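The values are calculated or read from the model by the stated rules, or taken from the named source; none is laboratory data. Not measured: the values here are computed from a predicted model. In this analysis, Cβ positions are derived from the backbone assuming ideal geometry, glycine residues included, and neighbour counts consider all displayed protein chains. Just so you know, the surface numbers come from the protein's heavy atoms only, side chains and all, with ligands and any DNA or RNA stripped out. Shrake-Rupley method; radii C 1.70, N 1.55, O 1.52, S 1.80 Å.
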Amino acid sequence: MTVAETLGRVAVTGGGGFLGLAIVRHLRELGVDVTALGRREYPAAVELGAQSLVCDVTDTAATRAALAGHDTVIHTAALAGVWGPAREYERANVLGTRHVVEACRAGGVRRLVHTSSPSVVFDGRSHRNAGNDLRHPERFLAHYPRTKAEAERIALGANAADPATVALPPT
């Protein structure tokens, strides 16, 4: 079975961002049918042969409609950075992830890959040769890692047959 057959139709939230577009590019090279979702059109994704669909993941109905008919969702959409109002990070990272999970369940999506962040386990210490057992710290230095940790818990808490979920922190 090929990667394209295994993954089926793939939606990449934040598909025009730095990581999202790299994922779209790689999937298209493998012959995967990809939809890049974002708050605006992504001509670069279209040039790669992907569909570009305007969708703000903080909009429940739009997210459900956009993810319907997909087999796999790779959720990279997020608000990154260390400055800004807490409510904006919560809206984009927590509410957005909650809507993606709900849309996956409603649409019968089989797989959800949540893009986490190494910052969700940063506790001020160096972790050399760390395993997958690092815990979230009790305090975070900024709203981004706090909300990404909460989003990770939401995504992993949704793990079931549909969707099977995993959280991957790119490093």
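Scanning the stretch 75-98 for residues being open to solvent by less than 20 Å² (accessible area, probe 1.4 Å) and part of a helix (DSSP H, G or I) gives a total of 5.
Conditions (1) without any contact (Cβ under 8 Å) to a residue 24 or more places away in the chain; (2) within 21 Å of Thr97 (Cβ to Cβ); (3) out of contact with any Ser or Thr (no Cβ under 8 Å at 6 or more places or on another chain), marked per residue:
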{"site": "Val3", "(1), (2), (3)": "no, no, yes"}
{"site": "Gly8", "(1), (2), (3)": "no, no, no"}
{"site": "Thr13", "(1), (2), (3)": "no, yes, no"}
{"site": "Leu19", "(1), (2), (3)": "no, yes, no"}
{"site": "Thr35", "(1), (2), (3)": "no, yes, no"}
{"site": "Arg39", "(1), (2), (3)": "yes, yes, yes"}
{"site": "Pro43", "(1), (2), (3)": "yes, no, no"}
{"site": "Asp71", "(1), (2), (3)": "no, yes, yes"}
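Look at the stretch 105-123: where a residue is open to solvent by 60 Å² or more (accessible area, probe 1.4 Å) and a partner is polar (S, T, N, Q) and not in a loop (DSSP other than H, G, I, E, B), sitting 6+ places away or on another chain with Cβ atoms under 7 Å, you get Arg110/Thr72; Arg111/Thr72. Restricting attention to the stretch 127-171, the residues being open to solvent by 90 Å² or more (accessible area, probe 1.4 Å) and β-branched (Val, Ile, Thr) number 1.
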